[in-house]
Amino acid sequence: MKGNLRLSCILLFCLLMAGCGSKRTTLVLLQDPGGTVGKIRVTNEQGSQTLNEAGQSVVINSNADAPGDVKPMEEAKIQSLFGKALEIRPSEPTKFRFYFKFDSVELEPGSTKVLQTAVQIARNESSKDISINGHTDRSGNADYNYKLSWRRARYIQNLLEKQGIDPTIILTTSHGEGNPLIPTADNVFEPRNRRVEVIIR
Amino acid sequence: MKRYSIFVLIVLILFAVPVFASSIGSIKNVDGAAWIERGEEKISAETGVRLLIDDILKTGNNGAMGVILHDDTVISMGPRSEMVVSEFVFKPEDGKFGLLAKFIKGTFSYLSGAMSKLAPESVKIETPVGMVAVRGTNFLVKVED
């Protein structure tokens, strides 16, 4: 009897815990800003579920339950559940690309005029976070390219600072050949990958 | 004057550079009560505040905030929300990637950045009821208390 009471207490405690801390979770897939739709897959020990169409949703009641069925969620419901998070969501950062001549820190002629626009946007948006990322194509070895894209990024950093952009908000990095705009095989010449990207957040 | 400049330079090198280098992103938009808990410290959320790994981001009853990570992943949180980014490695130059964001409670929007394009398998979102694998995309999460 005593044992039963103890068991009942434990069961009751478990039920209460499940009731107040179930952590019921809802996921909703949206269309990407570019118009395509990606995919998310939620998995726990009980199972998994995939969303791959815009507006699809799934509810997982607790980590003791498998994810539920995939169901469409109406726009009005999305707004009522997520309105505030969607409203505050930052727009995607503005990105500028400066293209360089082969194996060089010299800008392609078309890229010199990009500077003024970038500086203007940084000022208009009162940006407090600017990234400058240097890139190369895949001709030459990776170490050399890492150094080359550093020099490219520093060159652009210098230009921005000369235009009065606060150096303390700038973070400059070199991605070498590891983050191409146009993926290619090794040792391929690709002018569109010889670039510095200035990202204004 | 010269001595002062050298002092400033040393301070910059000692403090600013390490914090800066380890920053994983920054706060872009804030509305109402929103803050960061960094160890014992409580930092009020403002545009431009840099985020570090393991920072706990929280919003109050009417609060909301939006952040952008260094790979351009965009995450926003509605009221009474809490999240932590506990892993962030974005080093395309070494082919190293990793993002683990924990959505603890509240409402969130998530928009993938470069990491999802370069190494989708390295991006994970943890919720109290399961892990979410992301294939380059845009989605919403609500975690009830």
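Bear in mind that the values in this text are calculations on the coordinates, not laboratory data. Worth saying up front: this structure is predicted, and the values here are computed from it rather than measured. Methodologically, a virtual Cβ is constructed for each residue, glycine included, from the backbone with ideal geometry; neighbour enumeration extends over all protein chains shown.
Under a point-charge model restricted to the Cβ atoms of Lys and Arg (+1) and Asp and Glu (-1), what is the dipole moment magnitude of segment A:22-88 relative to its Cα centre, in debye to the nearest 20?
Dipole about the Cα centre, nearest 20: 160 debye.
Mind checking which lysines have their Cα closer than 28 Å to the Cα of B:Lys42? Skip sequence neighbours fewer than 8 apart in that chain.
A:Lys23, A:Lys84, A:Lys128, B:Lys28, B:Lys58, B:Lys102, B:Lys105, B:Lys124, B:Lys142
Around B:Ile43, what is the net charge, scoring Lys/Arg as +1 and Asp/Glu as -1 over all other residues with Cβ under 9 Å from its Cβ?
Result for the neighbourhood of B:Ile43: -2.
Once amide H atoms are built 1.01 Å from N in the peptide plane, which residues 5 or more positions from A:Glu177, or in another chain, come under 5 Å H to H?
Under 5 Å from the amide H of A:Glu177: A:Thr136, A:Tyr146.
Report, to the nearest 10°, how far helix A:2-20 tilts away from the longest principal axis of the Cα atoms in chain A, using its own Cα long axis and a range of 0 to 90°.
40 degrees
For the residues A:Val58, B:Val84, what sequence is obtained by ranking on other C-beta atoms within 10 Å, fewest first?
B:Val84, A:Val58
Which length gain, in nm to one decimal place, applies between B:Glu144 and B:Ile53 when the Cα-Cα distance is subtracted from 0.36 nm times their residue separation? Working shown, then result.
Values: separation 91, 0.36 × 91 = 32.76 nm, distance 2.44 nm.
Once the chain is fully extended between B:Glu144 and B:Ile53, it gains 30.3 nm.
Helix B:2-11 sits at what angle to the longest principal axis of chain B, using alpha carbons and giving 0 to 90 degrees rounded to 10?
Roughly 30 degrees, rounded to the nearest 10.
For every other residue with a beta carbon closer than 12 angstrom to the beta carbon of B:Val143, add +1 if it is Lys or Arg and -1 if Asp or Glu, then tell me the sum.
+2
Please give the FRET efficiency for B:Glu87 paired with A:Asp143, using the beta carbon to beta carbon distance and R0 = 35 Å, rounded to the nearest 0.05.
0.85
So, counting K/R as plus one and D/E as minus one, what does the shell of residues with Cβ under 12 Å around B:Leu57 add up to?
So the surrounding residues net to +1.
Would segment A:22-88 count as rounded, prolate or oblate if I go by the C-alpha gyration tensor, calling it rounded below 1.5 in a/c and otherwise prolate when a/b exceeds b/c, oblate otherwise?
It comes out oblate by the Cα gyration axes.
Taking the Cα centre as origin and putting +1 on Lys and Arg beta-carbons and -1 on Asp and Glu beta-carbons, what dipole magnitude results for segment A:69-167, to the nearest 20 debye?
On the way: 16 positive and 14 negative charges, 49 e Å.
In total the dipole reaches around 240 debye.
Per-residue counts of other Cβ atoms within 10 Å, averaged by peptide: what ranking do you get for B:99-106, A:133-140, highest first? Each step should come with its number before you reach the end.
Numbers: B:99-106: 20.5, A:133-140: 24.0.
The densest-packed peptide leads the list: A:133-140, B:99-106.
Order these by the 10 Å Cβ neighbour count, fewest first: B:Met65, A:Met73.
In order of increasing Cβ crowding within 10 Å: A:Met73, B:Met65.
Give the longest segment of chain A that steers clear of chymotrypsin sites (Phe, Trp or Tyr not before Pro) in DSSP loops with at most 13 neighbouring Cβ atoms within 10 Å, not counting the sites themselves. Kindly include the intermediate steps, with their values, before the conclusion.
Values: sites that count: A:Phe102, A:Phe189.
Counting only loop sites that pass the neighbour cut-off, the longest clear stretch is A:1-101.
Using a basic spin-label model with each label point 7 Å from the Cα along Cα→Cβ, how many nm lie between A:Arg97 and A:Ile78?
2.9 nm
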